[in-house]
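Single-structure report; data block below.
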Amino acid sequence: MERIYIGMGSNLADPAEQLRSAVEALGQLPQTTLVGVSAFYQSDSLLPGQPRYTNAVAALDSSLSPIQLLDALQAIENDQGRERLERWGPRTLDLDILLFGDRLIDEPRLKVPHYQIQERAFVLYPLAELAPADLHLPDGRTLADLLAACPFIGLERLPHP
């Protein structure tokens, strides 16, 4: 079993409900235990003119391979109506593997740690709720250093439903 962190985001079709449904689906993955889920956060879209996103991070312990997990995550996205019409376009659900144990993964379909993790407050702050305070990424960076370089700007922590 390896500890895996999944970034979750939605800005269509009741985003908070999309994330709750995704959490339920993650909890039912084979060879996987849902360990925890961060609070939900709202943030502006990276592109102008899109609805605000609701984001969270889930922690899993799993014995699935990275590609098996990626396939399972994409199946959950599809089940929840994800359409891949434009890059960074609005979406019902986006599930990204942020960290997979201490692995560095560089495959055509999967890059871990997530390639823009250091720029995304809407990923780093929910991740910090679940990860150990001294978390080191596989590439040597620390979560504390990433947080220090990525201010809590444009984020709104939502109250628990």
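Computed from the coordinates by the stated procedures, all read-outs in this text should not be read as laboratory data. Quick caveat, the model's predicted, so the values are computed rather than measured. Positions of Cβ are backbone-derived with ideal geometry, glycine not excepted, and every protein chain shown enters the neighbour counts.
Things to note:
- Of all residues in the stretch 20-53, those that are free of Cβ contacts under 8 Å to residues at least 40 places away in the same chain and among the acidic types (Asp, Glu) total 1.
- Boolean, Leu124 is touching a helix residue (DSSP H, G or I) at 6+ places or on another chain (Cβ under 6 Å) and either over 24 Å from His160 (Cα atoms) or without any contact (Cβ under 8 Å) to a residue 60 or more places away in the chain (or both): yes
- A Cβ distance below 6 Å, combined with a sequence gap of six or more or placement on separate chains, defines the contacts here; from the stretch 54-75, residues that are within 15 Å of Leu99 (Cα to Cα) reach residues that are small (Gly, Ala, Ser) and outside any strand (DSSP E or B) in the pairs Ala56/Ser38; Val57/Ser38.
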